[in-house]
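To start, the structure under review is shown below, and the notes come after it.
Values in this text are rule-based calculations from the coordinates and carry no lab data. Everything numeric in this text was worked out from a predicted model, so none of it was measured.
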Amino acid sequence: MGRKRYYSPYYDDYYDYYQSSPIPVENGIKAKSQRGDIGETWWSKRWVRVLESFGIGSRLARGRNYARRGQVISIDVGPGIVKAKVQGSRPKPYNVTIKLQPISDQDWEKVANAMASQAVFAAKLLSGEMPKNIEEAFQKVEVPLFPTSRDELDTDCSCPDTANPCKHIAAVYYLLAERFDEDPFLIFKLRGRTKEEIIETLRKKRVETLPQERISEPKPARVEKDTHPSLEECLDTFWEAGENLDTFTLNLTTRNTVDKGILKRLGDAPFTVEGHNITYILSKAYDAVRTAALKKASIETLETE
């Protein structure tokens, strides 16, 4: 173990610490990525990119090594706070705390309205999927989802390193990115709203946007007196066409309607089949059914003429 002196770019001072190898951790939280970038989804990459933009690259690099070695013992994400334990070179693990100011109730209300106003956002979030352009809902009401400066992050570690963030904090940063890969709703939780709260709010707001007549109590159906003959009364003629068949007509033409208007109004569905959105597949199916129906109707018309 050799004593080295390093310069911190964040303080007008030098600090000392003993360079040593960390004590190995059995069953520690080890990063899935053992080389290259950490984080697979757009939101985890966004988290790492924001952190790297703060100019703490060297410490993030050492933290990345800690994350890959499995030196982080535990991570707990709560509203506005992350608590973790990281094993360093000393017997007792270090306590790491990362705080990010939760979004206010008033701003969350604005964000929820923005998300609920977009059917695609609401559908994907309600199905547990994070929309790729979800930040648009936050930007629309000028509420940032991710931290925009180092001042928004309040970090602390019980290690003797006087620089902040230290490599232990940086290790937790990286593992948080992979946690976001597994559960994107943790980003919302860190900003003050749980998955359950988001879904419940969106459900209520989506109901509020429905036309009033669709959510009002249905009126009891009027019971009409059955004037049709019973089955026993028409057993002898049951399989006969009947005299009214000649007057039955079928009109497959449409007037003043938008082609596949319902699909266009709904937008993309929150799931795909073999890489194609279900609305694309339904659109092709509708075209095929319509073509077949018109062809059949045309043939039957020619045969009767």
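Of K124/K189; K124/K296; K32/K132, which pairs sit farther than 28 Å apart, going by alpha carbon to alpha carbon? Check vs 28 Å cut-off fails for K124/K296.
What is the extension gain from K45 to K205, computed as 0.36 nm multiplied by their sequence separation minus the C-alpha to C-alpha distance, in nm to one decimal? Walk me through the intermediate numbers first.
Working: separation 160, 0.36 × 160 = 57.60 nm, distance 3.02 nm.
That pair, K45 and K205, stretches by 54.6 nm at full extension.
Stretching the chain fully between S89 and L126 yields a gain of 8.9 nm (0.36 nm per residue, less the alpha carbon separation).
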